[in-house]
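**Q** Submitted below is the structure of interest, expressed as structure tokens.
The values are calculated or read from the model by the stated rules, or taken from the named source; none is laboratory data. In this text, all values refer to a predicted model and were calculated from it rather than measured experimentally. Cβ placement follows ideal geometry from the backbone for every residue including glycine, while neighbour counts extend to all protein chains displayed. Calculation scope for accessible area: heavy atoms of the full protein, side chains included, ligands and nucleic acids excluded. Shrake-Rupley method; radii C 1.70, N 1.55, O 1.52, S 1.80 Å.
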Amino acid sequence: MALMRMQSSASEWLAAASEDPRACKREWRFGLTGVALLPAGRLWDVVIVAEELGRDVAGILEDLPWLRPGPVLWDARRSHVGFFVPPGTASRCLAPGLRCAGKGAWIATPAPHHRWGSLRWLISPDGTGTLNQPEVLALTLKRAAGPPVLGLSG
């Protein structure tokens, strides 16, 4: 029962980025692909990195005992990983090897509980609005990739 409530609140939170949250949830549930396009820049931006680095960083973030990581989306077809960060972070994304999606960009997103297929959550949204902290993400990317990597700032 608690798991269903958590999935429901995560769906509500993520769908709130859409202009039509009900249509978004319908697409996740009944659409051919189960994927909805959501605009970046309203509730979150996305920092996008290469797949290997992104998977390493997601693992490190999950293992940090004092930190609750934000959502992390893996796109196996495009071989990249996206870290959901506070809106406005994309405008400070200044490092080689990083792409950032902010206002005006669209992100293909599966339902929050979706953990299979070529587009899946490595770390699902938790429904509370928790996002990855840019400063922590920058340090973790630097640690995982080795210098020099990053120009994200808080």
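**Q** Take Arg22 and decide whether it is touching a residue at least 24 places away in the same chain (Cβ under 8 Å), over 17 Å from Thr89 (Cβ atoms) and surrounded by fewer than 17 Cβ atoms within 10 Å (Cβ to Cβ).
**A** no
**Q** Right, next: Among the residues of segment 25-36 satisfying the criterion of being open to solvent by 80 Å² or more (accessible area, probe 1.4 Å) and among the hydrophobic types (A, V, I, L, M, F, W, C), which is nearest to Asp126 (Cα to Cα)?
**A** Of the residues in segment 25-36, the ones open to solvent by 80 Å² or more (accessible area, probe 1.4 Å) are 26, 29-30, 32-33.
Still in the running and among the hydrophobic types (A, V, I, L, M, F, W, C): 30, 32.
Working: Phe30: 22, Leu32: 25 Å.
Looking at the filtered set, the residue picked out is Phe30.
**Q** Need at least 2 residues that are hydroxyl-bearing (Ser, Thr, Tyr) per element, so show me which helices (runs of 4 or more DSSP H) inside segment 1-107 make the cut, counting only ones lying wholly within it.
**A** 2-15
**Q** Here is a list of conditions, (1) crowded, with 17+ Cβ neighbours inside 10 Å; (2) in contact with a Gly (Cβ under 8 Å, 6 or more places away or on another chain), and Ser8 meets all of them except one; can you say which number that is?
**A** (1)
**Q** Shifting gears a bit: State the number of residues belonging to segment 108-120 that are part of a loop (DSSP other than H, G, I, E, B), of a type outside the set (A, V, I, L, M, F, W, C) and out of contact with any Pro (no Cβ under 6 Å at 6 or more places or on another chain).
**A** 5
**Q** Taking segment 106-120 on its own, how many of its residues are out of contact with any strand residue (DSSP E or B) (no Cβ under 6 Å at 6 or more places or on another chain) and surrounded by 16 or more Cβ atoms within 10 Å (Cβ to Cβ)?
**A** Total satisfying the criteria: 3.
**Q** Okay, next question. Could you please tell me which pairs satisfy a Cβ distance under 7 Å, a separation of 6+ or placement on different chains, a first residue in segment 100-115 that is in contact (Cβ under 8 Å) with a residue 40 or more places away in the chain, and a second residue that is open to solvent by less than 40 Å² (accessible area, probe 1.4 Å) and of a type in the set (Asp, Glu)?
**A** Between residues of segment 100-115 that are in contact (Cβ under 8 Å) with a residue 40 or more places away in the chain and residues that are open to solvent by less than 40 Å² (accessible area, probe 1.4 Å) and of a type in the set (Asp, Glu), the close pairs are Cys100/Asp45; Ala101/Asp45; Gly102/Asp45.
**Q** Moving on to the next point. Restricting the search to segment 121-137, which residues are touching a Pro at 6+ places or on another chain (Cβ under 7 Å), in a loop (DSSP other than H, G, I, E, B) and either open to solvent by less than 20 Å² (accessible area, probe 1.4 Å) or within 10 Å of Val85 (Cβ to Cβ) (or both)?
**A** Residues satisfying the conditions are Pro125, Leu131, Asn132.
**Q** Quick check on Thr109: is it at pLDDT 95 or above and either over 17 Å from Leu14 (Cα atoms) or under 12 Å from the mean Cα position of the chain (by Cα) (or both)?
**A** Against the criterion (at pLDDT 95 or above and either over 17 Å from Leu14 (Cα atoms) or under 12 Å from the mean Cα position of the chain (by Cα) (or both)), Thr109 qualifies.
**Q** From the residues in segment 37-74 that are more than 15 Å from Ser124 (Cα to Cα) and among the small types (Gly, Ala, Ser), which one is least open to solvent (accessible area, probe 1.4 Å)?
**A** That would be Ala40.
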